[in-house]
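The values are calculated or read from the model by the stated rules, or taken from the named source; none is laboratory data. Given the structure is predicted, the values throughout are model-derived calculations rather than measurements. FYI the Cβ positions are ideal-geometry reconstructions off the backbone, even for glycines, and counts take in every protein chain you see. SASA here: full protein model, heavy atoms, side chains in, ligands and nucleic acids out. Shrake-Rupley method; radii C 1.70, N 1.55, O 1.52, S 1.80 Å.
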Amino acid sequence: MENICRAAELNNMSSMIKVDFQNRAFVAQKALASGFQAVLFTDHKTAEEVKETMFVIRPDTPEDKGRFGRPNRRFVGFSQGIPQMDYAKMVRDTVVAIMIEKKEALDNLDEICSVPGVDMVQFGPSDYSMSKGWNAGEHVSEYKAAERKMIEIALKHGVQPRCEINAPEEAQYYLDLGVKHFCLGDELRTNLNYWKNSGGALRTIVDSLK
């Protein structure tokens, strides 16, 4: 984790980590201590679950009432003398994003967006479809409508929606809905596209030699 954060900082990039639900407290605390500036949490269904998550990643101060102490890792820099309240502000300023990828999460979105500290939400069409008993490919219009509902509710609460796109030209659809933050694909899809396109082109060249 430290090496990922170092590489990002050396290239003037911010860093976000996506963590699984069950071990989220351990991984998120280690990620923050390593220097990640944002955490994306998966699989939440209720505002109570989101509150539990906020509890473990908020500073252990009278103001924040969290359970995250002050680890001596690279997040505090090389100085052991950083004031504790400055450190608490660093933790407080970390971006907290919640995946809205369950039917229940969308049903409870007003309450989730009202939890203090929730900065961002992102729709997950695959898990959302599964939670509805659907195959996503057979219900595209329905899950797109659910995503639009998420965007509308989030913006109403002042929470920023983040949307995943596979190409820059797909951004305009979301810009028209008020979205300003994007995830441009993922590494698996990027690799598959590269293997299919570039690998396929090379296969054609090689096969022509037979």
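The set of residues from segment 149-175 being in contact with a strand residue (DSSP E or B) (Cβ under 8 Å, 6 or more places away or on another chain), open to solvent by less than 80 Å² (accessible area, probe 1.4 Å) and in a helix (DSSP H, G or I) comprises MET150, ILE151, ALA154, LEU155, ALA171, TYR174. If you go through segment 93-102 one residue at a time, how many are under 15 Å from ALA33 (Cβ atoms) and touching a residue at least 12 places away in the same chain (Cβ under 8 Å)? Residues meeting the conditions: 1. The condition of being part of a helix (DSSP H, G or I), at pLDDT 95 or above and open to solvent by less than 90 Å² (accessible area, probe 1.4 Å) holds for VAL27. Can you tell me which residue is most open to solvent (accessible area, probe 1.4 Å) among those in segment 10-24 that are free of Cβ contacts under 8 Å to residues at least 12 places away in the same chain and of a type in the set (A, V, I, L, M, F, W, C)? It comes out as LEU10. Residue pairs whose Cβ atoms lie under 6 Å apart, separated by 6 or more positions or on different chains, with the first residue in segment 49-61 and under 18 Å from MET90 (Cβ atoms) and the second modelled with pLDDT of 95 or more and part of a helix (DSSP H, G or I), are VAL56/ALA25; ILE57/ALA28. Specify the residue that is farthest from the chain's Cα centre (by Cα); the eligible residues are those in segment 176-201 that are under 25 Å from ILE151 (Cα atoms), outside any loop (DSSP other than H, G, I, E, B) and free of Cβ contacts under 8 Å to residues at least 40 places away in the same chain. Checking each candidate, the answer is ARG189.
A single member of SER15, SER114 is in contact with a His (Cβ under 9 Å, 6 or more places away or on another chain) and hydroxyl-bearing (Ser, Thr, Tyr), and it is SER114.
Just wondering, is there one or more residues in segment 118-126 that are assigned to a helix (DSSP H, G or I) and over 16 Å from the mean Cα position of the chain (by Cα)? No, there is no match, as no residue in segment 118-126 is assigned to a helix (DSSP H, G or I) and over 16 Å from the mean Cα position of the chain (by Cα).
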